[in-house]
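Here the structure is laid out as structure tokens; the discussion comes afterwards.
The values are calculated or read from the model by the stated rules, or taken from the named source; none is laboratory data. These numbers come from a predicted model, not from an experiment. Cβ: placed from backbone, ideal geometry, glycine included. Neighbour counts: every protein chain shown.
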Amino acid sequence: MAETGGLLAVQRQMIGKLAHRHLGQLLLGCTEIVHVPGRRKGVGADQCGPVRKLELGVANTVAQRLSEELLERLRDDYTPHKLGFDCVIEAVGKPETWNRAVELVRPGGRVNLFGGCPRGTELRVDTTRLHYDEIRIYASFHHTPETVRKALEFIANSQVPALTLVREGRSLQDLPEVLQEMRAGAAPPKTAVLPQLPAGVRLSAEELETFSGW
């Protein structure tokens, strides 16, 4: 699989698995939204400690490239009759992980291609999977007014514990540096930009939890 990002697999009454190298913030957020009755969810995140992983609903991690051998092992070890997962969410936007997501889902299962690939990228799917296996492939884009309002609602009513993802506080004056760190993959999952902080000040996750200037 790609060097960054991941796949979240959900299985009824089983443990979902994530295959990843360094999990992106999009999939961390997905773990908080995927609440399916009777299902457990699992995800891996190098950027969060063990306690944070548990808070996010993390069950297991797989820090390996998505080879054919790994795909077979995930299906064999974690899905009934070795058929695949009920639902797979791709949240990195790489052609290779789009294709792997399709391979991991069971017949009749669903694939959500949440991560956007560059323009001109093509997805190749075995027609047997679509026709005879009757899998369903969805593509979702989240920057609509309705989804932004819903996200804010989740945070406001604590359905999504925002401070589980926000791991650092920075000054507004440091925003260009924060954006550079994000591009380089060196930033925490989420950073709170606080105009009242002096330039150069970094608040830790623990300091943010007691910060009075929100």
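Laid out as a table, the results:
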quantity	calculated
Restricting the range 115-171 to residues that are in contact with a Ser or Thr (Cβ under 8 Å, 6 or more places away or on another chain) and among the charged types (D, E, K, R), the residue that is farthest from Glu90 (Cα to Cα)	Arg170
Hits in the range 91-133 - residues which are closer than 17 Å to Ser67 by Cβ and touching a helix residue (DSSP H, G or I) at 6+ places or on another chain (Cβ under 8 Å)	Val92, Arg100, Val102, Glu103, Leu104
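Conditions tested, residue by residue: (1) farther than 18 Å from Arg75 by Cβ; (2) buried (at least 19 other Cβ atoms within 10 Å of the Cβ); (3) in contact with a Phe, Trp or Tyr (Cβ under 8 Å, 6 or more places away or on another chain).
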| site | (1), (2), (3) |
| --- | --- |
| Asn99 | no, no, no |
| Pro118 | yes, no, no |
| Thr127 | yes, no, no |
| Leu130 | yes, no, no |
| Ser140 | yes, no, yes |
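The rows are residues; the columns are (1) surrounded by fewer than 14 Cβ atoms within 10 Å (Cβ to Cβ); (2) under 16 Å from the mean Cα position of the chain (by Cα); (3) at pLDDT below 90.
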{"site": "Val160", "(1), (2), (3)": "no, yes, yes"}
{"site": "Leu172", "(1), (2), (3)": "yes, no, no"}
{"site": "Glu181", "(1), (2), (3)": "no, no, no"}
{"site": "Pro189", "(1), (2), (3)": "no, yes, yes"}
{"site": "Leu194", "(1), (2), (3)": "no, no, no"}
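Residue-wise test of (1) under 27 Å from Pro189 (Cβ atoms); (2) without any contact (Cβ under 8 Å) to a residue 24 or more places away in the chain; (3) of a type in the set (Gly, Ala, Ser).
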site	(1), (2), (3)
Leu74	yes, no, no
Glu90	yes, no, no
Lys94	yes, no, no
Trp98	yes, no, no
Ile135	no, no, no
Glu146	yes, yes, no
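So that you can scan it fast, the table gives a plain yes or no per residue for (1) free of Cβ contacts under 8 Å to residues at least 40 places away in the same chain; (2) part of a strand (DSSP E or B); (3) charged (D, E, K, R):
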residue	(1), (2), (3)
Leu163	no, no, no
Asp174	yes, no, yes
Met182	yes, no, no
Gly185	no, no, no
Pro188	no, no, no
Pro198	yes, no, no
Leu203	yes, yes, no
